[in-house]
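Inspection log for the structure reproduced underneath, given as structure tokens.
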Amino acid sequence: MKEYIQVITSTQHKEDAGKIAAELIRMKLAACTQILGPVNSSYWWNGNVETANEWLCIIKSKKSLYSKIEAVIKKMHPYQIPEILALPVVGGSKDYLKWLDNETQQS
């Protein structure tokens, strides 16, 4: 089985998440993106605990495309250090994974 991933990133504004998601789809780096939110985030930043409402973007793709996905997110993301985490997909519907493979760049 090919290796598939879900990449997550979060942004302060829904519009930023939408732009990143649209570009990844346009470039065929993702077969599907979902934007959820707002979600309440708590995190350490510059020695202080911060809280913020953010928008979570979930990106469905292949592991082989991760470096390109990361580059697009870093280029477009307004945060100094954006959250970019890739999680492995350990299983899934054969039909869905075939669709995901067909709708992303061949690598």
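Values computed for the structure shown
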| quantity | calculated |
| --- | --- |
| Top-ranked residue in the stretch 95-107 [being among the charged types (D, E, K, R) and open to solvent by 90 Å² or more (accessible area, probe 1.4 Å); ranked as nearest to the chain's Cα centre (by Cα)] | Lys98 |
| Residue within the stretch 65-77 that is among the polar types (S, T, N, Q) and under 14 Å from the mean Cα position of the chain (by Cα) present | yes |
| Unique match (being under 16 Å from Glu103 (Cβ atoms) and open to solvent by less than 70 Å² (accessible area, probe 1.4 Å)) among Ser61, Ser41 | Ser61 |
| Matching residues in the stretch 26-36 - criterion: being farther than 8 Å from Cys57 by Cβ and either within 11 Å of the chain's Cα centre (by Cα) or touching a residue at least 24 places away in the same chain (Cβ under 8 Å) (or both) | Met27, Lys28, Leu29, Ala30, Ala31, Cys32 |
| The stretch 12-56, residues that are assigned to a strand (DSSP E or B) and touching a Gly at 6+ places or on another chain (Cβ under 8 Å) | Ile35, Asn53, Glu54, Trp55, Leu56 |
| Any hit, the stretch 74-94, residues being over 18 Å from Ile8 (Cβ atoms) and open to solvent by less than 50 Å² (accessible area, probe 1.4 Å) | yes |
| Residue pairs meeting the criteria (Cβ under 9 Å; at least 6 apart or on separate chains; first β-branched (Val, Ile, Thr), in the stretch 85-107; second in a loop (DSSP other than H, G, I, E, B)) | Val89/Glu3; Thr104/Lys28; Thr104/Leu29; Thr104/Ala30; Thr104/Ala31 |
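The values are calculated or read from the model by the stated rules, or taken from the named source; none is laboratory data. From a predicted model like this one, the values you see are computed outputs, not experimental measurements. In this analysis, Cβ positions are derived from the backbone assuming ideal geometry, glycine residues included, and neighbour counts consider all displayed protein chains. The area values use the complete protein model at the heavy-atom level, side chains included, leaving out ligands, DNA and RNA. Shrake-Rupley method; radii C 1.70, N 1.55, O 1.52, S 1.80 Å.
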